[in-house]
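Asker: Dumping the structure here so I can ask a few things about it.
The values are calculated or read from the model by the stated rules, or taken from the named source; none is laboratory data. It should be emphasised that the depicted structure is a prediction, and the values quoted were computed from it without experimental measurement. Neighbour counts are summed over all protein chains in view; Cβ atoms, including those assigned to glycine, are modelled from backbone coordinates with ideal geometry.
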Amino acid sequence: MRLLIECLVHKGMIPTKSLSDLLSSITCNSEDQKCMSRQCTICCFDEVQLNLHNPSDLARWEQWQREEVTVGEKVYKNWVKKGVSGTLRELADTFLHDLESIASHQFNWMHQAGEAASNHTYSVAYTKTGCRSFATISKSLRHDERAVWAHLQPVIEDLQNQRDTPFKSLHVISDGPVTQYRNKPNCFLMSTVPFSWGFQCITWNYSERGHGKGAPDGVGACVKRMADQFVLNGRDLQTPEALYDLLSSKDGMKIKIKWIEEKDIEKFDELLPPVIPAVKGILGTHQICSTAVGKVFHRAVSCFCNYPSVCGCFKAANVTMTPGSPAHEVSSPPPSLDDDDECDQDVVEVGRFIIVRYDEKRYVGQILAIQEEEIQVSCMA
């Protein structure tokens, strides 16, 4: 169905790629079983309006088809993607027929799947008095840097409520995906938000790629294992609230569970200015420090030799995160995809063109995919 929809959108025959929107256009109520089963007396004959100006024009599209594959003496049936040719009328008829049959399937799938929950932050907090484990749950599926800080806030508040004197320093250790932690919006937030919580010094340290799992991954595994065990006992977890109630009421639970509302994340959306200064060399950074509001230091290697002051080891560079201000470099920045060109979160997006340096030569490339710290680029020779 997705292949047919993409072809129809490309031909200008339908306005949207959203299957939900298409089903809503031919039903009275997409939440009603009769409507989605095409048994409703009001909407059962409704069809998607197609812009079919020249029905006899030729078209080519792709469909999944079963195909027999023989390996030795065994015969297998596999699904393969095959090209199909025909007229626009045949393409339209195929789409309308498949849409009718997929409507009831979509209804059943939505009600079987239930609501998705985002188990975002699995954290282990270390203080002078010991360590504590946390997990946060939300209905929001956002995983950007603003969601990260919204999930961190109740963890920080819980720790601060256990002390008579406020914390002065915050050290964060995480991996380095550019869509969550290693980007300029996160630099801006870490240079402003923690100071409003009473911290005087903040560092964010990115672990080296390929160094395996850490303690927070163990917390996440424990939470998921408890949810799996609950379901295996014959019960259901249909909503994020049900998962939260299960975990927070668990006897002997040593992991503190926090609930995050969508409005908590939206508060951090309002904190970001329209324009954020670039942090040159962010992809090669392994430590970001902030000791003053709106200012960050970043470098390729973490160093605490002069803590709480920021030392100049490993060519630490200073950037003022105030909107509209130029980035002031204390020394040359950490290595990046191209030391001479700004490489920030606005550039590191699928489909964007960048300059890649390889074997002392520069190449124009287009980003094809981003997987955590790995970036797949197609370069022009």
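Asker: In the range 242-264, what residues are in contact (Cβ under 8 Å) with a residue 12 or more places away in the chain and farther than 16 Å from Glu157 by Cβ?
Answerer: Kept after step one, since they are in contact (Cβ under 8 Å) with a residue 12 or more places away in the chain, are these residues of the range 242-264: 243-244, 246-247, 250, 254-262, 264.
Those that are in contact (Cβ under 8 Å) with a residue 12 or more places away in the chain and farther than 16 Å from Glu157 by Cβ: Leu243, Tyr244, Leu246, Leu247, Lys250, Lys254, Ile255, Glu262.
Asker: Right, next: Residue under question is Asn306, and the condition is that it be more than 11 Å from Phe188 (Cα to Cα), surrounded by fewer than 14 Cβ atoms within 10 Å (Cβ to Cβ) and more than 27 Å from the chain's Cα centre (by Cα); does it hold? Spell out how you get there, then give the answer.
Answerer: Details: more than 11 Å from Phe188 (Cα to Cα): yes; surrounded by fewer than 14 Cβ atoms within 10 Å (Cβ to Cβ): yes; more than 27 Å from the chain's Cα centre (by Cα): yes.
Criteria met by Asn306.
Asker: Taking Phe188, is it in contact with a strand residue (DSSP E or B) (Cβ under 8 Å, 6 or more places away or on another chain) and under 27 Å from Thr291 (Cα atoms)? Can you show your working first?
Answerer: On the way: in contact with a strand residue (DSSP E or B) (Cβ under 8 Å, 6 or more places away or on another chain): no; under 27 Å from Thr291 (Cα atoms): yes.
Here the answer is no, as Phe188 does not meet what is asked.
Asker: Shifting gears a bit: For residues in the range 244-267 being in a helix (DSSP H, G or I) and under 14 Å from Ser140 (Cα atoms), which is farthest from the chain's Cα centre (by Cα)?
Answerer: So the residue we want is Tyr244.
Asker: Go through the range 6-31 and give me each residue that's more than 25 Å from the chain's Cα centre (by Cα) and in a helix (DSSP H, G or I).
Answerer: Kept after step one, since they are more than 25 Å from the chain's Cα centre (by Cα), are these residues of the range 6-31: 7-15, 22-31.
Once the filter is applied, which keeps residues that are more than 25 Å from the chain's Cα centre (by Cα) and in a helix (DSSP H, G or I), the range 6-31 yields Cys7, Leu8, Val9, His10, Leu22, Leu23, Ser24.
Asker: Could you tell me which numbered condition Ala150 fails, if it satisfies all but one of (1) surrounded by fewer than 18 Cβ atoms within 10 Å (Cβ to Cβ); (2) under 23 Å from Glu261 (Cα atoms); (3) of a type in the set (A, V, I, L, M, F, W, C)?
Answerer: (1)
Asker: Would the range 316-333 turn up any residue that is modelled with pLDDT of 70 or more, at positive phi and in the same structural domain as Trp204 (by TED's automatic domain parsing)? Can you show your working first?
Answerer: Going residue by residue through the range 316-333, those that are modelled with pLDDT of 70 or more are 316-322.
With the extra rule that they be at positive phi, the set shrinks to none.
Scanning the range 316-333 turns up no residue that is modelled with pLDDT of 70 or more, at positive phi and in the same structural domain as Trp204 (by TED's automatic domain parsing).
Asker: Quick one: how many residues across the range 147-201 are among the polar types (S, T, N, Q) and outside any loop (DSSP other than H, G, I, E, B)?
Answerer: First, pick out the residues of the range 147-201 that are among the polar types (S, T, N, Q): 153, 160-162, 165, 169, 174, 179-180, 183, 186, 191-192, 196, 200.
Applying the additional criterion that residues be outside any loop (DSSP other than H, G, I, E, B) yields 153, 160-161, 169, 174, 186, 196.
Selection size over the range 147-201: 7.
Asker: Let me ask another. Are any of the residues in the range 344-355 at pLDDT 70 or above, assigned to a loop (DSSP other than H, G, I, E, B) and either of a type in the set (Ser, Thr, Tyr) or under 21 Å from Ile202 (Cα atoms) (or both)?
Answerer: no
Asker: Find the residue count for the range 32-79, including only residues that are in a strand (DSSP E or B) and without any contact (Cβ under 8 Å) to a residue 24 or more places away in the chain.
Answerer: Of the residues in the range 32-79, the ones in a strand (DSSP E or B) are 58-71, 74-79.
Subsequent filtering for residues that are without any contact (Cβ under 8 Å) to a residue 24 or more places away in the chain retains 65-71, 74-79.
Matching residues across the range 32-79 total 13.
Asker: Name the residues in the range 209-243 that are closer than 30 Å to Gln287 by Cβ and either out of contact with any strand residue (DSSP E or B) (no Cβ under 9 Å at 6 or more places or on another chain) or not in a helix (DSSP H, G or I) (or both), would you?
Answerer: Residues satisfying the conditions are Arg209, Gly210, His211, Gly212, Lys213, Gly214.
Asker: Considering each of Thr285, Thr291, Thr239 in turn, give the residue that is among the β-branched types (Val, Ile, Thr) and surrounded by fewer than 15 Cβ atoms within 10 Å (Cβ to Cβ). Reasoning before the result, please.
Answerer: Numbers: Thr285 fails: surrounded by fewer than 15 Cβ atoms within 10 Å (Cβ to Cβ); Thr291 fails: surrounded by fewer than 15 Cβ atoms within 10 Å (Cβ to Cβ).
One residue alone meets the criteria, Thr239.
Asker: In the range 1-18, which residues are at pLDDT 85 or above and among the aliphatic types (A, V, I, L, M)?
Answerer: Leu3, Leu4, Ile5, Leu8, Val9, Met13, Ile14
Asker: Among Leu159, Leu170, which is the only one that is at pLDDT 90 or above, in the same structural domain as Ile255 (by TED's automatic domain parsing) and over 15 Å from Ser290 (Cα atoms)? If you could, list the steps in order and put the result at the bottom.
Answerer: On the way: Leu170 fails: over 15 Å from Ser290 (Cα atoms).
Exactly one residue qualifies, and that residue is Leu159.
Asker: Now, a different point. Of the residues Val279, Val275, Val310, which is in contact (Cβ under 8 Å) with a residue 12 or more places away in the chain, over 30 Å from Ile375 (Cα atoms), among the β-branched types (Val, Ile, Thr) and assigned to a loop (DSSP other than H, G, I, E, B)? Quick ask: steps written out before the conclusion?
Answerer: Values: Val279 fails: over 30 Å from Ile375 (Cα atoms); Val275 fails: over 30 Å from Ile375 (Cα atoms).
Result: Val310 is the single residue among Val279, Val275, Val310 that is in contact (Cβ under 8 Å) with a residue 12 or more places away in the chain, over 30 Å from Ile375 (Cα atoms), among the β-branched types (Val, Ile, Thr) and assigned to a loop (DSSP other than H, G, I, E, B).
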